[in-house]
Structure formats: structure tokens, C-alpha cells
Amino acid sequence: MKLRWIVLFFPAVFVAVFSLVVMRHGAKAAPPQAGSTAPMAKAAAAARPNQVGALSIPDTTLAINSPTPMSQRVVHYEIDARYDAAKHTVDASEVLTYHNLTGQPLDHFPFHLYLNAFQPKATWIREAKLLGNRDTSYEKWEDKQFGSEEIKSFEVVGQGDLTQQQQFIQPDDGNKDDKTVVDVHLPKAIAPGGYVQFKIAFHDQMPETQARTGWKRDFVLGGQWFPKVGVWWNGAWNCHQFHAVTEFFADFGVYDVKLTVPQYEVIGASGVEVDSVNNPDSTKTLTYHGDDIHDFAWTISPRYKVKDDGVFEGQMGPVKMRILMQPAHWGQVDRHEKILKESLEYFERLYGPYPYKTITLVDPEPGSAAGGMEYPTFITGETSWFMPSGLHLPELVVEHEFGHQYWYGMVATNEFEDAWMDEGINSYSEVKVLDAILGRDTSILNIAGATAGERELQRGSYIGVADLDPIAEKAYDYYNFGSYGGITYGKTASVLVTLEGIVGEDTMQKAMRAYFMKYRFTHPVKEDFLKTIEEVSGKNLRWYFNQAIYGTAVLDYEVIKIDSFPVNWYEEQKKTSTKDDKNTVYLSSVWLHRKADFTMPVEVEIKFDDGSMVREHWDGQSRWTKFSYEKKAKVESAEIDPDQKIHIDRNNFNNSRTAEPNGKPAVKVSNYWLFVTQWISQALAWWAV
Amino acid sequence: MAENGSLLGSGAGMVARNKRYIFWFYVLNLLLGGFGTVAFFVQSGTLLDQSLYSNRLVHGFDLPVLFEMFARPEFGPSASSAMSAVFFSAVFFLLSALFLPGVFQGYGSNYRLPGEEFSRSGALQGYAGQHRLPGDEFFSSCGRNLWRFIRLLIVSDIIFLIVAGALF
């Protein structure tokens with residue numbers, strides 16, 4: 001035992017000094033280029049500074065445009081994996097070095113085994129059947145849907161083989177058939193500040209794609225594919241089971257991953273490629289290195305067409321954009337690159353720098369349920385062979401998934417417990433960025449006069465489930481999948497757009513930037529975000545947060561009635577002429593009604609038929625209020641929130657009322673309705689004759 | 001019908017010969033469509049007529065406003081407003097199948113069904129027909145009608161898209 005420490009110590013000191021020199025150079029280097037990867041591989045492999053004893057977490061900067069690490073690195077994963085394309089299996093060895101920064105001894109470690117979710121009795125499948133799911137209904141179980149992640153051997157360096165110590169735990173629901181979390185007790189606790197190294201051999205059976213992982217035909221997306229240690233958070237291990245609607249949570253660190261795949265495969269992965277070797281058995285081994293990331297994903301397909309000559313000149317240095325497209329979608333590659341680059345630009349401008357040297361965008365196999373997913377420096381888009389330029393769905397997906405590089409990738413919130421802090425805040429960013437790039441009312445659709453904007457669609461997804469769950473809900477505790485989606489994405493985005501109206505757009509932007517810059521590469525909680533907005537705005541916003549974030553209150557203000565009649569109505573009756581007299585003084589009233597339980601101050605704009613206009617303020621506390629006027633004009637219309645700052649009102653139709661009905665909108669939509677139904681029946685008749 | 005002539009030409013000739021049918025069936029279709037749309041018009045009017053928000057459907061065509069209208073409880077379930085349209089489509093389809101000559105007529109000539117005069121298409125022509133259709137003629141007729149239908153559908157789709165584009 002002692003001999004080994006001595007043998008390791010001197011080479012380690014040498015390596016540390018050498019790698020410091022190399023890393024300083026590497027950090028300033030241009031993005032990696034094909035053919036120049038081998039030296040980088042050596043540099044990555046050599047980096048072992050800041051050692052305590054024989055173990056350490058590297059402080060490499062090969063994959064980031066920074067001379068120093070940007071996160072507090074807790075983990076270092078070294079994985080050597082081989083993919084069997086015929087069996088859809090992965091056999092791999094994993095060396096995980098963990099730095100105990102918890103401040104207390106750790107005597108057990110929980111690990112996620114996410115792929116075990118794809119088994120009929122697992123919590124993930126049960127919830128998907130019960131509560132709904134994004135991709136698969138599981139009406140009928142098929143063997144190809146089966147996935148598994150099995151730890152073949154588990155050794156703790158210095159403590160021996162603990163394979164038999166594995167114990168599946170179910171911290172969330174007690175489902176004994178769920179094997180997505182395994183816990184291992186160590187004979188000797190790891191002291192505060194100490195390191196521990198795990199050597200794990202594991203075997204994956206990849207399922208046909210579910211939850212954005214698995215295979216489809218000859219395509220593979222390797223997501224959540226390796227045993228991943230939980231996060232020590234708020235004084236305890238945080239390692240949730242995999243649920244049908246939850247995503248992930250992990251510590252920052254360094255990833256060095258070797259992937260061996262058939263030589264015909266085109267591959268993409270998180271981090272930067274540092275080495276590529278063709279093996280004698282018609283396989284090749286690619287080595288990837290990632291710094292300051294908390295997950296690692298990869299994809300292969302023999303049919304990818306690659307565009308990797310695009311470079312974004314970021315605030316911290318160049319970012320290489322690597323785009324893997326399906327051949328059938330190759331005509332859209334420029335469109336994908338354009339929105340990716342624009343997203344980079346806007347996120348840097350709005351929130352802060354993108355520090356990584358690469359971003360890989362993958363266009364997954366059609367029908368693979370692998371589209372629209374985010375991993376560090378690696379995202380999947382979603383498109384189809386027919387995609388008119390006015391239909392911005394690819395732009396929407398790419399922008400959204402790129403946004404997760406900020407809200408999840410760098411600001412690494414707990415996606416199990418605070419899904420709104422990544423999906424929701426990201427959806428708000430999506431509204432802002434797509435508004436700026438594609439237009440506020442046309443960011444989703446702009447075809448032949450028909451339009452749809454992102455902010456209205458976010459609101460639309462919320463109003464159908466408005467009172468089911470609060471935003472501040474654990475992702476796996478939502479009523480169902482629809483509520484999770486509508487609240488986490490739609491309500492959060494709408495709540496933050498509305499908040500923008502309360503604190504001002506500029507202030508909100510400053511607050512978002514401050515939040516990003518302060519909490520990047522950390523695991524912030526709800527109050528970190530909310531307090532940042534209060535601090536930057538200088539306002540106490542508890543009244544709003546308590547209702548909008550922590551509560552299920554629904555907002556619905558209504559112009560319930562407008563009315564005008566002559567003050568001297570009894571005199572008017574005597575008049576013989578029916579013409580309006582311009583000298584007639586009217587008593588006009590507007591009644592506003594708070595129909596639901598969310599209270600908020602509102603503006604109301606009242607227009608009169610002489611062209612005059614008045615704006616009133618209502619604190620919105622009472623159930624109803626009335627504004628009355630005596631003037632030589634009748635009220636023509638009243639509109640709550642005329643500047644459209646409130647985006648959480650459940651019913652926008654009743655926010656305004658006109659004295660005279662206007663039949664044009666109903667006639668227009670009815671004409672469309674008539675046209676469509678008549679065309680359908682005519683087509684049926686043609687078929688019949 | 002000329003076997004060697006172009007199908008589109010044959011179709012056009014058929015249209016010319018049956019223009020009265022087409023006209024009256026169009027009128028009937030429009031009438032039934034109108035009935036089917038009344039419920040939709042009334043329901044949408046309750047939401048749209050006195051709201052400034054609905055102006056976004058007049059000036060341009062903001063689809064989220066339309067979706068929100070469908071989602072409102074005051075509008076009622078989409079199914080209820082669609083039902084009348086579906087009903088009129090079914091009626092129109094049955095009328096067309098019953099009174100116009102076509103594939104169903106041939107079907108009826110080979111397979112006797114109870115009350116077939118009322119259940120097969122081309123019943124009127126069937127009454128006037130002098131002979132029963134042999135099986136091979138029936139199937140070749142099916143084939144011709146199938147391709148004619150597909151071509152008509154493509155042409156109608158093009159027209160539909162043009163008109164829809166102009167409307168929206």
C-alpha cells in the first residue's frame with residue numbers, strides 16, 4: 001500500500017508541473033481542428049495538477065476558452081466504452097474520481113442508473129402509462145423498448161471490490177421494482193476534502209429511443225448511459241429515481257471519454273475530440289474531453305452529413321459549430337447553422353459569455369423520439385423533410401435546446417425538483433430571443449398572413465392547466481404530463497414576461513444577466529433567482545412570487561359591463577329628433593371584475609366616441625370596481641392592460657369590451673370554417689362519384 | 001369514355017356533360033355547409049363580437065387567438081361546433097353517393113344487398129340502366145375512377161391551397 005503511494009507521488013508531481021505548462025498553452029489555442037487532435041489527447045491525459053495524495057480532479061481547460069477552470073470541479077469521469085451496433089449494447093469501464101467538498105465524511109454514494117428506467121415495472125414506465133409521456137404511451141410493451149444498465153463490478157480504490165454491496169434504493173416512491181438508483185456503502189468514510197476513486201465496469205442495453213436516448217434503425221443517441229453519482233446538496237445526497245417527466249442533476253467536473261464504434265459511423269459528442277484511432281477490427285476509437293460540464297452524451301449514425309466549418313467568435317474565444325444532419329434534411333443545414341449562431345449571439349448579449357470551445361447540433365433520426373434534447377455542448381434539433389421557411393419549428397427547437405447550455409448547462413439547477421428553473425427560465429429566454437430574431441408575433445409561424453408568436457403559444461400552453469399545480473413543484477409531483485409541460489414551460493415563461501412588465505424590461509434583463517453571472521457553474525435554488533430579481537429591481541415582489549411561483553392562483557380580469565346614458569335622460573325623451581346631440585351630457589360607467597383569485601394592479605384604457613381617451617389604475621384587490629364619467633361623449637370601449645404587459649390572464653377575450661358589437665371577426669373565421677368543411681365534403685363527394 | 005384519351009381530358013369532358021349536376025350539388029353543398037356553419041358563427045360571435053382582442057383575427061390572422069377561442073368554455077367543446085359540419089358532410093356524401101353515377105353503381109350490380117337501390121350510388125341511373133355491369137367492367141371502372149379521383153384530388157388541393165393562401 002505504502003509503496004504504491006510513493007511510486008505514484010513522484011510521477012504525479014512531474015505530471016502536474018508539465019500539465020500546468022501545457023494547459024496554459026492549450027487554453028489559448030484555437031478550437032480543435034481535424035488532424036490536430038493527438039497532441040491534445042496527450043495533453044488531456046497528462047493533466048493531473050492540484051493533487052492530494054494520488055487522486056485529484058484535473059484542472060484542464062482544453063475544452064473551454066478560459067485559462068482557468070470555471071466551476072468547482074467535484075467529479076472526473078474517465079470512461080472507455082465500446083458500442084456493439086448489432087446488439088445495441090455498450091460495454092465500458094468507468095473510473096470516477098470524486099472530491100468530497102461536502103464538509104463532512106461520506107460513507108455511502110448513490111449512483112443513477114438511468115437506463116434501468118426502461119423496464120415494465122420501473123417507476124418511469126408506470127408514470128408514463130399513468131400520467132402521460134412525451135413520446136410513448138406504452139399501450140403495449142415491446143421487447144425493443146427494454147433498456148438496462150448493469151454494474152458488473154464496483155471497486156473503490158483502497159477499499160476493495162464492493163460489487164456485492166450494491167443496493168437499489170427508491171427514495172421517491174418506494175417502488176421496489178425500480179432500479180434507477182443504486183447505493184453503495186463504503187467500509188471507510190471519505191474525509192472532508194478527501195478524494196475517492198471508483199472503478200466500475202458496466203453493461204448497457206440501449207432501448208429503442210425513449211426519453212431522448214437509445215437507438216433507432218442505425219442511429220444511436222447515448223444519453224444518460226453511464227453510472228452517474230448523485231449530488232450532495234443541502235446537506236444530503238440528492239439522487240432521485242428517474243421519473244417520466246424529470247430530467248437530471250449532476251455535479252460539474254471533467255470528462256475524458258473513449259468511444260469505440262464501427263469505422264463507418266459518423267460520431268458526435270459532448271466536449272472536444274482529442275484523438276481518433278482506427279483499430280484493426282474495423283472499429284475506431286474516438287476520445288473526447290470536456291471541462292466544467294456535468295454530463296456527457298454522444299451520437300452515431302453512418303448517414304450523418306457534417307458541417308463543421310462554422311465558427312462563432314464568442315466573447316471568450318472562438319466556438320466551433322459542428323452540425324450533424326440527416327441527408328434528407330441537408331437542404332436545411334444553413335438554416336440550422338444560422339439560428340444556432342444567432343442564439344449564441346443573443347445569449348452572450350443578454351446573459352453572458354458561452355465559454356466552451358464547441359457546440360454540436362444533431363439532427364436525429366426521423367421518428368426517433370430523440371429530437372429536442374440538451375446535454376452539455378451537445379443538443380438535438382427537430383425537423384422534417386417539408387419545412388416551409390415561414391414555419392419556424394427547427395428554429396424554435398434549436399434555440400430552445402441551445403438555451404439550455406445556459407439554463408441547465410451552466411446554471412445547473414436541480415431538474416428533478418426545480419424543473420421550472422431550467423425549462424421555464426429557458427422558455428422565457430426563448431420568448432426574448434425568438435422575438436428579437438423572428439419577430440414578436442411571427443416567431444413561430446409567418447405564412448401567407450397567418451401568424452403565431454412564441455409568447456402567445458407559451459401562454460396558450462399554460463391557460464389550459466392554470467390551476468392544477470404551482471410552478472414551485474417537484475417535477476415528478478405534477479398532476480400529469482400536460483400540467484408539467486403547461487406550468488413548467490408555459491406558465492413560467494408567461495410569469496416572467498409579466499414580471500418584465502412590473503419591473504421594466506431593462507431591469508429584468510439586468511436581473512437575468514446578474515443571475516447568470518453570479519450562479520453559473522453552481523446549483524442555485526428558487527430563492528437565489530427570485531432574490532436576484534428583487535435585489536436588481538429594488539422592489540419587494542413577494543406579493544407576486546407568492547401567487548405566481550409558489551401558488552396556484554389564477555388571474556382573470558374582465559370588463560364586465562360598459563354603459564352610457566344621458567344625464568338628463570328624462571329630458572331627452574321629449575326630444576323629437578333621434579339624432580345624437582353633441583351637447584348631450586352622458587353618464588358613462590365601466591365596471592371591471594376580478595373573476596379569479598390572483599390579485600394584481602391593472603391599467604384600463606377607456607375610449608369615448610369623441611376620440612378622447614382616459615387611463616385608469618385599479619389596484620385589483622376588490623372583486624369589482626367602477627369608473628364613471630360625465631362628459632359629452634359616450635364610452636366606446638374599455639380595455640384592461642392596453643399595453644399587453646400581463647401574459648398570465650387566463651382569458652384575453654374578456655379583457656376588453658366594446659359598446660357596439662363588431663361582427664367582422666366572427667364572419668371571417670366562420671367563412672374559413674365554411675370553406676374548409678365544404679371543401680372536405682366536396683372532396684368526399686368526388687371520391688364517391 | 002375514350003380508353004386511350006388523357007384522363008384529365010376525359011374528366012373535363014365528364015365535368016362538361018354533368019355541369020348541371022355539379023352546379024346543383026355545389027349549391028346543395030354550400031347550403032348544407034351554411035347550415036353547418038351557423039352554430040360555429042353563433043358560438044364564435046359570443047366571444048369575438050365585443051372584444052378588442054378579436055381584432056387580431058381581422059387585421060392579419062393571429063392563430064393563437066383562434067386557438068384560444070376554441071379553448072374557451074364559452075365557445076363550447078370544439079367537437080360540438082364541428083359536429084354539425086361533420087353531419088352535413090356525411091349527408092352530402094350520402095346524397096352524392098346515392099344520386100350520382102359511379103363506382104357504387106357497379107358495386108351494386110354484382111353484389112345484391114337488402115334495399116340496395118337506396119344503399120348504392122347512382123341509384124337513379126341504375127333504374128334507367130338497360131344492362132347489368134359485368135364484373136371485369138366493374139373493376140376496370142373502379143380503376144379508372146380511382147385514378148380520376150386521385151387526379152381530381154390533386155387539382156382540388158392545388159385550388160384549395162391557392163384559395164386558402166389568398167384567404168389567410
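The values are calculated or read from the model by the stated rules, or taken from the named source; none is laboratory data. Fair warning: this is a prediction, and the values are worked out from it, not measured in the lab. Glycine also receives a Cβ, built like all others from the backbone with ideal geometry; neighbour counts cover every protein chain displayed.
Some notes on this structure:
- Breaking point among (1) out of contact with any Phe, Trp or Tyr (no Cβ under 8 Å at 6 or more places or on another chain); (2) crowded, with 20+ Cβ neighbours inside 10 Å; (3) hydrophobic (A, V, I, L, M, F, W, C), for A:LEU350: (2)
- Matching residues, segment A:583-631, being closer than 18 Å to A:ASN651 by Cα and among the polar types (S, T, N, Q): A:THR599
- A Cβ distance below 6 Å, combined with a sequence gap of six or more or placement on separate chains, defines the contacts here; from segment A:309-333, residues that are closer than 10 Å to A:LEU361 by Cβ reach residues that are part of a loop (DSSP other than H, G, I, E, B) in the pairs A:LEU324/A:TYR304; A:MET325/A:ASP363.
- Residue check, A:VAL635 more than 7 Å from chain B (Cβ to nearest Cβ) and touching a Phe, Trp or Tyr at 6+ places or on another chain (Cβ under 7 Å): yes
- Breaking point among (1) in contact (Cβ under 8 Å) with a residue 60 or more places away in the chain; (2) out of contact with any strand residue (DSSP E or B) (no Cβ under 7 Å at 6 or more places or on another chain); (3) not hydroxyl-bearing (Ser, Thr, Tyr), for A:LYS575: (1)
- Being farther than 19 Å from A:TYR83 by Cα and among the hydroxyl-bearing types (Ser, Thr, Tyr) is a property that A:SER153 lacks.
- Just one of the listed residues (A:GLU94, A:GLU78) is out of contact with any helix residue (DSSP H, G or I) (no Cβ under 7 Å at 6 or more places or on another chain), in the same structural domain as A:ASP251 (by TED's automatic domain parsing), closer than 17 Å to A:ASP183 by Cα and acidic (Asp, Glu), namely A:GLU94.
- For segment A:98-154, a residue qualifies if it is modelled with pLDDT under 95 and either among the hydroxyl-bearing types (Ser, Thr, Tyr) or assigned to a loop (DSSP other than H, G, I, E, B) (or both), and the qualifying residues are A:GLY132, A:ASN133, A:ARG134, A:ASP135, A:THR136, A:SER137, A:TYR138, A:GLU139, A:LYS140, A:TRP141, A:GLU142.
- Residues that are of a type in the set (S, T, N, Q), out of contact with any Phe, Trp or Tyr (no Cβ under 8 Å at 6 or more places or on another chain) and at pLDDT 95 or above within segment A:36-80 comprise A:THR60, A:THR61, A:SER66, A:THR68, listed in sequence order.
- Residue list for segment A:329-351, filter: part of a helix (DSSP H, G or I) and among the hydroxyl-bearing types (Ser, Thr, Tyr): A:SER343, A:TYR346
- When every residue of segment A:666-676 is checked against the conditions, none turns out to be at the interface with chain B (Cβ under 10 Å from one of its Cβ atoms), of a type in the set (Val, Ile, Thr) and over 30 Å from B:GLY33 (Cα atoms).
- Test result for A:THR488, out of contact with any helix residue (DSSP H, G or I) (no Cβ under 7 Å at 6 or more places or on another chain) and away from chain B (no Cβ under 14 Å): no
- Selection status of A:ASP610, more than 7 Å from every other protein chain (Cβ to nearest Cβ), surrounded by fewer than 22 Cβ atoms within 10 Å (Cβ to Cβ), touching a residue at least 60 places away in the same chain (Cβ under 8 Å) and not in a strand (DSSP E or B): no
- Per this entry, A:LYS582 is counted among residues that are at pLDDT below 85, of a type in the set (D, E, K, R), part of a loop (DSSP other than H, G, I, E, B) and under 24 Å from A:GLU660 (Cβ atoms).
- Matching residues, segment A:390-433, being outside any helix (DSSP H, G or I), under 10 Å from the mean Cα position of the chain (by Cα) and under 18 Å from A:GLU337 (Cβ atoms): A:GLN405
- Residue check for A:ILE646: touching a residue at least 60 places away in the same chain (Cβ under 8 Å), over 30 Å from B:GLY33 (Cα atoms), surrounded by 20 or more Cβ atoms within 10 Å (Cβ to Cβ) and more than 7 Å from chain B (Cβ to nearest Cβ): yes
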